[in-house]
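Peer 1: Can you read through this structure? Questions will come right after.
We did not get these values from a lab; they are worked out from the coordinates using the rules stated. Bear in mind the structure is a predicted one, so any value in this text is a computation, not a measurement. As a convention, Cβ positions derive from the backbone with ideal geometry for all residues, glycine included, and neighbour counts pool all protein chains shown.
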Amino acid sequence: MSYLVKNYNRKKLSFKKGKGSYLYSTKGSKYLDFCSGIAVNSLGHSNPTLIKALNSQAKKIWHVSNAFNIPEGEELAKKLVKKTFADFVMFQNSGTEATEAAIKVARRYFYSIGKPKKNRILCVKNSFHGRTIAAIYASGSKKMTEGFGPKVDGFDHFSFGDHLDLKKSINKNTAAIMVEPIMGEGGIKVIPDWCLKDLRKLCNKKKILLILDEVQCGVGRTGDFFAFEKSKVKPDIVPIAKGIGGGFPIGAVLMTKKVAKAMIPGTHGSTFGGNPLAMKIGSTVIDIVGKKSFLNKVKKNSNYFHKELIKIKENYPKIIKDIRGRGFLIGLQLYKDQTNFIKNLMKNKLLTIRAAENVIRILPPLNVKKNEINEALKIINKVCKKYKQ
Ligand SMILES: *Cc1c(COP(=O)(O)O)cnc(C)c1O
């Protein structure tokens, strides 16, 4: 008997420990974890440097109120600002809190410059920005919002890739466009660099803000610190979460000085957001993941993975439709439902996770070893060989 609410369809598999890219089940099996808690365990399990940081901070101080200065938070914010487009950072505890806070910042900015009616957020239909009441209506997915009415107003939607629809959906009350540079839950769909560039131009022309949701694709996942960096655009607001804590819940909103000015005392807050324990761990993750040499290795190893996956696709053109994504945010798209394929991978001790459009998401830890990639390739090959769709 489980006393947990049944809002998840959980697999009958539990783990007692993890080490690097591997998870060990309670029944004694060893799994290659290419799910990484959905792009969260960026440095794998039981990373010694993270354990050390956590233990040493745990002995000093865990939590104090944001009513006081928190040096550990100042330190992490400084690191993020030095590394990115941002001038200021606001800490949260999760991805959905970060996207909601991003929306608040955009609205408050226009309010602060005397344009309170400019408050609508334009998003991609069937995107994913989290599960709070506002975030599900931002995502514009029927499945996620069903039964949770009344509808939260203030969000408009356009279809992914439909530039005409995008232009038509902007009106005089649009405050911001919010998109994921690479749609995670939506099926690892990449917005091409030239599209991001055009999106920035469009926002400039219409005097609206650009929010790039990097909760899943950010913090080194693609081989760049942020997925949008390749396009060279400068966003106004970027919510992040998942990978930054390496498994510890942390969210953050990065923003420019222009919009940060609107966030005066009392406009937003969080009891837990930015506490010393979280900040020390986040700081340690950034020290490692933010290094150029680390990111270059992510690029090199993930390029190899992509190339080998494309070879498998060419060998099984009737099963695999597409290999998508960038870096270690990989989507293996099947022609038909992927449920059985994922089950077969799991039987062969490789953990992956589904996404929309028959996609199997492959999200290894960023410090995965080449021989572990080879092990995964072998399993994927084996499953393809025996696969009947
Ligand atoms: C996971 C995710 C969120 C929500 O993050 P939570 O920590 O689950 O609240 C928001 N946006 C994107 C793009 C995500 O992938």
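Peer 1: Ranked by Cβ crowding within 10 angstrom, fewest neighbours first, how are 221, 354, 108 ordered?
Peer 2: In order of increasing Cβ crowding within 10 Å: 354, 108, 221.
Peer 1: Which residues does the label zone of residue 81 cover in the stretch 229-243, counting backbone N under 16 Å from a point 7 Å along Cα→Cβ?
Peer 2: 237-238
Peer 1: Pop a pseudo-label 7 angstrom from the Cα along the beta-carbon direction at both residue 16 and residue 388 and give the gap in nm to one decimal.
Peer 2: 3.7 nm
Peer 1: Counting only DSSP beta bridges with both residues in the stretch 49-289, tell me the antiparallel percent, nearest 5.
Peer 2: Roughly 45 percent of the DSSP beta bridges within the stretch 49-289 come out antiparallel.
Peer 1: Residues in the stretch 352-389, backbone N under 20 Å from the label point at residue 9 (7 Å along the Cα-to-beta-carbon vector): list them, ranges by number please.
Peer 2: Backbone N within reach: 352-362, 388-389.
Peer 1: Also, quick follow-up: Express in whole angstrom the spacing between the alpha-carbon centres of the stretch 28-66 and the stretch 338-389.
Peer 2: Their Cα centres are 24 Å away from one another.
Peer 1: Residue by residue, what Karplus-based ³J(HN,Hα) values in Hz, rounded to whole numbers, does the stretch 228-235 have, using 6.51, -1.76 and 1.60 with θ = phi - 60° and x for Gly and Pro?
Peer 2: Karplus values, whole Hz, x for Gly and Pro: 6, 4, 4, 7, 6, 7, 10, x.
Peer 1: Less than 10 Å Cβ to Cβ from residue 129, Lys/Arg counted +1 and Asp/Glu -1: what total charge do the surrounding residues give?
Peer 2: Value of the local net charge: -3.
Peer 1: Which chymotrypsin sites (Phe, Trp or Tyr not before Pro) in the stretch 126-228 pass both tests, a DSSP loop state and at most 13 other beta-carbon atoms within 10 Å?
Peer 2: 148
Peer 1: Also, I was wondering about something else. Taking only the Cα atoms of the stretch 1-159, how large is their convex hull per residue, in Å³?
Peer 2: Taking the convex hull of the Cα positions in the stretch 1-159, it is 216 Å³ per residue.
Peer 1: 7 Å from Cα along Cα→Cβ at both residue 232 and residue 268: what's the point-to-point distance in nm?
Peer 2: Rounded to a tenth, the inter-label distance reads 2.9 nm.
Peer 1: What are the chymotrypsin sites (Phe, Trp or Tyr not before Pro) within the stretch 273-352 that DSSP puts in a loop, where the Cβ has at most 16 other Cβ atoms within 10 Å?
Peer 2: 335
Peer 1: Then there's this: Order the peptides 76-82, 114-120, 99-105 from the highest to the lowest mean number of other Cβ atoms within 10 Å of their residues.
Peer 2: 99-105, 76-82, 114-120
Peer 1: Moving on to the next point. How large is ³J(HN,Hα) for each residue in the stretch 171-177, as worked out from phi by the Karplus curve 6.51 cos²θ - 1.76 cosθ + 1.60 (θ = phi - 60°), to whole Hz, x for Gly and Pro?
Peer 2: Per-residue couplings from phi come out as 10, 5, 9, 5, 9, 7, 10 Hz.
Peer 1: Taking the Cβ of each residue in 209, 277 as the centre, tally the other Cβ atoms inside 10 Å and list the residues starting with the fewest.
Peer 2: Ascending number of Cβ neighbours within 10 Å: 277, 209.
Peer 1: How much length is gained if the chain between residue 146 and residue 321 is pulled fully straight, taking 0.36 nm per residue apart and subtracting their Cα-Cα distance, in nm to one decimal?
Peer 2: Taking 0.36 nm per residue and subtracting the Cα distance, the gain is 59.9 nm.
Peer 1: Could you list 177, 250, 264 in order of exposure, starting from the residue whose Cβ has the fewest other Cβ atoms within 10 Å?
Peer 2: 264, 177, 250
Peer 1: Residue 84's amide H: which non-local residues (gap 5+, or another chain) put their own amide H closer than 5 Å, with H modeled 1.01 Å from N in plane and none for Pro or chain starts?
Peer 2: Excluding prolines and chain starts, which carry no amide H, there are no hits.
Peer 1: With the Cα gyration tensor of the stretch 22-77 giving a ≥ b ≥ c as the square roots of its eigenvalues, does the rule (a/c under 1.5 for rounded; else a/b larger than b/c for prolate; else oblate) give rounded, prolate or oblate?
Peer 2: Here the stretch 22-77 falls in the prolate category.
Peer 1: Do any trypsin sites (Lys or Arg not before Pro) in the stretch 9-40 lie in a loop, going by DSSP, with at most 12 other beta-carbon atoms within 10 Å of their beta carbon, and if so which?
Peer 2: Filter output for the stretch 9-40: 10, 11, 12, 27.
Peer 1: A follow-up question, please. Given the -39500 (n - 2.57) contribution per DSSP H run of 4+ residues, what per-residue ellipticity at 222 nm results for the chain, rounded to the nearest 500 deg cm²/dmol?
Peer 2: -11500 deg cm²/dmol
Peer 1: While we're here: For the stretch 225-328, what is the relative contact order in percent, using Cα pairs closer than 8 Å and at least 6 residues apart in sequence?
Peer 2: Computed over the stretch 225-328, the figure is 21 percent.
Peer 1: Once the piece of chain linking residue 206 and residue 64 is laid out straight, how much longer is it, given 0.36 nm per residue of separation minus the C-alpha distance between them?
Peer 2: Gain on extension, residue 206 to residue 64, equals 46.9 nm.
Peer 1: A further question on this structure: Could you quote the convex hull projected area for the stretch 49-289, Cα atoms only and averaged over all directions, in nm²?
Peer 2: One quarter of the hull surface, i.e. the mean projection, equals 12.9 nm².
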